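Have a look at the structure below before the remarks.
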There are 2 protein chains.
Amino acid sequence: MSIYVFFEPNPLQQSYLREEDSFHATRVLRVKAGDLIHLLDGKGKKFEAKITQVDAKKTQFDQVQLIHQTEKPPFQIHLYLAPTKQMERMEWMVEKCTEFGIHSIHFFHSRYSERKEIKLQRLEKTAIAALKQSKNLFLPQFHEISSLTDIMKKNQVKLTGSQYMFAHIAEPADPVLGKLVKLGEEYHVLVGPEGDFSSEESNQLIAQDWLPFSLGKSILRTETAGIAITHAIHVLHEIQA
Amino acid sequence: MSIYVFFEPNPLQQSYLREEDSFHATRVLRVKAGDLIHLLDGKGKKFEAKITQVDAKKTQFDQVQLIHQTEKPPFQIHLYLAPTKQMERMEWMVEKCTEFGIHSIHFFHSRYSERKEIKLQRLEKTAIAALKQSKNLFLPQFHEISSLTDIMKKNQVKLTGSQYMFAHIAEPADPVLGKLVKLGEEYHVLVGPEGDFSSEESNQLIAQDWLPFSLGKSILRTETAGIAITHAIHVLHEIQA
């Protein structure tokens, strides 16, 4: 019998499953008192616990113990993007990026962006499902939508060991991401809206030391760009490992 | 005004748009006689033509002339996979792989595969849409589902300049794809079903000189594996270009 896995950010301070998990555990998986379960905290740790009481809203557990701990990943990817009109495309991207491994996803609105608000809860749910499925132990952090200007402000001081880059459609083309990435610890990468950054926005980014890069000859959709960037950074680290 | 793009595999032998395009052109885009359009043949060529007669089933054009030709890509990716239960996941993968660029997609059923048939028409439609959107000029070829044994038979003779590889979950892990790929002309890559290849299948593949590789520490979904493989080969070529 395989052990069911649930998400719980603070297993040691908690004694029952989250409401949606309680429902799923009792009505779908039919867990019983005495069953062992696994709990992921989304921060690299896996716990074992024992179900003590089954309830569709508040299924209780105890005897929580740490059984596995993954070291902090050697690098962190922070993706910033202007969300697509279709929410579904963002959900797919979150699923794929979580499978590959990503530290945080931020959204912004800019001159030509199509969507000014985004429901983070749905995205987090997608990420939790991907986490359980992929055996990846780090849940991405999601940040409320803000403006491109705010993101530039927050990253005004450029840290050593960090790279600041943005996807840019230009003629002649900028270097591809793979040639720009230096192996480091943190990557902050911006993807513009389907209508791209305005030239004013691009100029501001360049003035503030964000490096432009090309995503190659194809015009990638926003969510494809997010997947490609996340995956490329992983590939570049793997071949050097 | 931007020029509308349609797909037509043989523009020089043809004088009207495909039925679905005729409908879309007249009812949605409202093209008119005299309008210029672009036609993609999916084999690297782009043509210009002039609409002569508008009809929801058979919109006619003439004055077809070649306006752009892309050279054959320097490498070709042939992806072979056991389709997922949810057809939607295959459609997403086809969209993303077409955006990145892929030569052919083949499906097979094996010991633990979840789906024994697949509708290629829907996938081709997805690929055509991705082609128009991405400005990529090569449409992937789709092949009817066959057995893993058939695929091994067809690729029994291993060609120079081609690499034959398969995604494999093993302990200890095989080398990652990025370390295995040699820059070449053709890549034949197999992805197993969610339940992976049976050990008998893996052993047969190894015996027939298919090289096993690891997709990293995460357990990737089938469609994520297809996207990751296609993209990794592109990244590896880009950084050496």
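The values are calculated or read from the model by the stated rules, or taken from the named source; none is laboratory data. Bear in mind the structure is a predicted one, so any value in this text is a computation, not a measurement. Heads up, the Cβs are rebuilt from the backbone with ideal geometry, glycines too, and the neighbour counts pull from every protein chain shown. All accessible areas refer to the heavy atoms of the entire protein, side chains included, with ligands and DNA or RNA removed. Shrake-Rupley method; radii C 1.70, N 1.55, O 1.52, S 1.80 Å.
A few comments on the model shown:
- Annotation: amide H-H contacts under 5 Å for residue A:163 (H modelled 1.01 Å from N, sequence separation of 5 or more, or interchain): A:186, A:187, A:188.
- Within the straight-line cut-off of under 17 Å between alpha carbons, the aspartates and glutamates reachable from residue B:32 are B:19, B:20, B:21, B:48, B:55, B:62, sequence neighbours fewer than 8 places apart in one chain being disregarded.
- Counting only alpha carbon atoms, the long axis of helix A:222-240 and the longest principal axis of chain A meet at about 80°.
- Integer Hz, Karplus 6.51/-1.76/1.60 couplings in order for the range B:30-47, x for Gly and Pro: 6, 5, 10, 3, x, 5, 8, 10, 10, 10, 9, 9, x, 10, x, 10, 10, 10
- Cα-only radius of gyration and Dmax that characterise the protein assembly as shown, units Å: 24.2, 77
- For residue B:59, residues with placed amide H under 5 Å, excluding near neighbours: B:17, B:22
- Average beta-carbon neighbours from other chains, 10 Å sphere, peptide B:135-142: 1
- For chain A, adding -39500 (n - 2.57) for each run of n ≥ 4 DSSP H residues and dividing by the number of residues yields -9000 deg cm²/dmol at 222 nm.
- Annotation: peptides B:148-159, B:208-219, B:229-240, ranked by per-residue average of other Cβ atoms within 10 Å with the highest first, follow the order B:229-240, B:208-219, B:148-159.
- The Cα-based radius of gyration and maximum Cα-Cα distance (Dmax) for the range B:5-69 are 10.6, 30 Å.
- Three-way shape call for the range A:81-176 based on the alpha-carbon gyration tensor, with the a/c threshold at 1.5: prolate
- Solvent exposure of chain A, expressed per residue, is 49 Å² of accessible area, with all protein chains present and a 1.4 angstrom probe.
- Amide hydrogen proximity for residue B:114: with H placed 1.01 Å from N in the peptide plane, the residues at 5 or more positions away or on another chain lying under 5 Å are B:194.
- Spatially, the range B:21-45 and the range B:161-213 are offset by 42 Å when compared through their Cα centroids.
- Dipole magnitude of the protein assembly as shown about its Cα centre (Cβ charges: Lys, Arg +1; Asp, Glu -1), debye to nearest 20: 500
- Descending principal axes extents, the range A:76-116, alpha-carbon based, whole Å: 29, 20, 10
- Paramagnetic reach from residue A:57 (point 7 Å along Cα→Cβ, amide N under 17 Å) across the range A:1-25: A:15-25
- Reduced Cα scattering model of the range B:76-240, Debye log10 I(q)/I(0), q = 0.20 Å⁻¹: -1.45
- Here's the list of aspartates and glutamates a cross-link from residue B:182 could span, going by alpha-carbon distance under 18 Å and ignoring same-chain residues fewer than 8 apart: A:238, B:174, B:209, B:238.
- With 29 Å as the limit, the listed pairs A:119/B:96; A:96/A:179; A:85/B:132; A:72/B:116; A:57/A:116 have A:72/B:116; A:57/A:116 beyond it between alpha carbons.
- Acute angle (nearest 10 degrees) that the helix A:120-134 long axis makes with the longest principal axis of chain A, alpha-carbon atoms: 70
- Pairwise inverse Cα distances across the range B:31-140, averaged and inverted, put the Kirkwood hydrodynamic radius at 15.8 Å.
- Pairing chains B and A buries close to 2800 square angstrom of accessible surface in total, based on protein heavy atoms and a 1.4 angstrom probe.
- Percent accessible area from carbon and sulfur atoms, chain B, protein chains only, probe 1.4 Å: 48
- Take residue A:53, move 7 Å from Cα toward the beta carbon, and the resulting point lies 7.9 nm from the same point in each other copy, nearest first.
- Looking at chain B alone, DSSP beta bridges between its own residues are antiparallel in about 35 percent of cases.
- Averaging the sequence gap over all C-alpha pairs within less than 8 Å and six or more residues apart, then dividing by the number of residues, gives the range B:76-240 a relative contact order of 32 percent.
- Other-copy label distances relative to residue B:5, 7 angstrom Cα-Cβ extension, nm: 3.9
- Computed from Cα positions, the angle between helix A:87-100 and the longest principal axis of chain A comes to roughly 80 degrees.
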